[in-house]
Amino acid sequence: MSIRDNIRRVEDCIADACARAKRDPADIALVAISKQKTAADILEAVEAGLRHFGENRVEEGVEKIPQVNEFCGDRVVWHMVGHVQSRKAKRVVSCFDIVQSVDSLRLARRLSRFAGEAQRRLKVFLEINVSGEASKYGLAGYNWCRDASVRDCLWRDVGAIADLPQLDLRGLMTMAPYDADERAVRRVFADLRALRDAMTVSLDIALPELSMGMTNDYPIAIEEGATTIRIGRAIFGERQ
Ligand SMILES: *Cc1c(COP(=O)(O)O)cnc(C)c1O
């Protein structure tokens, strides 16, 4: 299967999930996660019509993004989806258009500062750990609905991040447990959506984007309200 064929298959699955959920496929951004793949692979996906690409490591992005941009310039929007150490914030701002993996107030402050120095506004999503797995990054969101102390911390950090002048806070991102059953995955996605709705009201901020769903679970994510899905293997094949 070529990358182009893979993309068509993913688009068909998106259309099916949208039909089930009575949603418009135009409302869902497909971000191709190109980690460990070459610039040539990415250009093939661009040729097949994709516009959004995501990387999870700063060094890898810094190396590949200029290679791809040389050929397609402004056509491509680059998303950072992996954990960013604060000391790498400046490099992220210089290469990426959107950071989906903002997981601390400290990182958000640094991104805002460097975006200011570069005289731009940076689009960001907040990564929330709603599943509670210790291995996951993200602002702590497990059990937010029942645990007032979790909620207080979240509201305080998100309120402060929303006030940062150079950041354009677009929404929330999460990852479901990798090998959980469908019900557990669905619960995580529904929980992120409910959290978004609660924050929107309590903090009086707009959070239109919900980034959730990967190769294993994106049809479920679409049914639960995802506006951005992040697909790697279903487009580029298995990784090493
Ligand atoms: C790798 C990765 C993806 C894509 O995962 P696939 O299973 O290859 O679709 C999505 N989001 C993040 C944050 C990732 O690191």
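Look through the range 1-25, keep the residues that are under 18 Å from Met212 (Cβ atoms) and among the small types (Gly, Ala, Ser), and return whichever of them is nearest to the ligand (Cβ to nearest atom).
Ala17
Considering only the range 21-36, how many residues are closer than 15 Å to Ile7 by Cα and in contact (Cβ under 8 Å) with a residue 40 or more places away in the chain?
The number of residues fulfilling the criteria is 7.
Could you check how many residues of the range 164-176 are crowded, with 16+ Cβ neighbours inside 10 Å and either aromatic (Phe, Trp, Tyr) or under 15 Å from Leu111 (Cα atoms) (or both)?
Within the range 164-176, residues that are crowded, with 16+ Cβ neighbours inside 10 Å and either aromatic (Phe, Trp, Tyr) or under 15 Å from Leu111 (Cα atoms) (or both) number 5.
For the range 199-211, which positions are touching a residue at least 40 places away in the same chain (Cβ under 8 Å) and not acidic (Asp, Glu)?
Passing the criteria: Met199, Ser202, Leu203, Ile205, Ser211.
Return the only residue of Asp179, Asp191 being buried (at least 17 other Cβ atoms within 10 Å of the Cβ) and out of contact with any helix residue (DSSP H, G or I) (no Cβ under 6 Å at 6 or more places or on another chain). Even if it seems obvious, please write down each step before you answer.
Working: Asp179 fails: buried (at least 17 other Cβ atoms within 10 Å of the Cβ).
It is Asp191.
Out of Glu44, Glu55, report the one residue that is acidic (Asp, Glu) and within 16 Å of the ligand (Cβ to nearest atom).
Glu55
When you look at Asp179, is it acidic (Asp, Glu) and away from the ligand (no atom under 16 Å from the Cβ), yes or no?
It is false that Asp179 is acidic (Asp, Glu) and away from the ligand (no atom under 16 Å from the Cβ).
With the range 125-240 as the region, which strands (runs of 3 or more DSSP E) entirely inside it contain at least 2 residues that are among the charged types (D, E, K, R)?
By residue number, 167-173.
I'd like the residue in the range 206-240 that is more than 9 Å from the ligand (Cβ to nearest atom) and loosely packed, with under 15 Cβ neighbours inside 10 Å and, out of all such residues, is farthest from the chain's Cα centre (by Cα).
Gln240
Can we say Lys64 is part of a helix (DSSP H, G or I), in contact with a helix residue (DSSP H, G or I) (Cβ under 9 Å, 6 or more places away or on another chain) and within 16 Å of the ligand (Cβ to nearest atom)?
Judged against the criteria, Lys64 is a match.
Of Ile128, Ile161, which residue is among the hydrophobic types (A, V, I, L, M, F, W, C), within 16 Å of the ligand (Cβ to nearest atom) and buried (at least 21 other Cβ atoms within 10 Å of the Cβ)?
Going through Ile128, Ile161 in turn, just one is among the hydrophobic types (A, V, I, L, M, F, W, C), within 16 Å of the ligand (Cβ to nearest atom) and buried (at least 21 other Cβ atoms within 10 Å of the Cβ): Ile128.
Looking only at the range 103-124, count every residue that is in a helix (DSSP H, G or I) and of a type outside the set (S, T, N, Q) and tell me the total.
12
Could you list, ordered by first residue, the pairs with Cβ atoms under 6 Å in which the first is in the range 156-179 and under 14 Å from Arg196 (Cβ atoms) and the second is among the acidic types (Asp, Glu) and at pLDDT 95 or above, at least 6 apart or interchain?
Hits for this filter: Arg170/Glu209; Gly171/Glu209; Met173/Glu127.
The values are calculated or read from the model by the stated rules, or taken from the named source; none is laboratory data. Because the structure is a prediction, the values reported are computed rather than measured. Neighbour counts run over all protein chains shown; Cβ positions are idealised from the backbone, glycine included.
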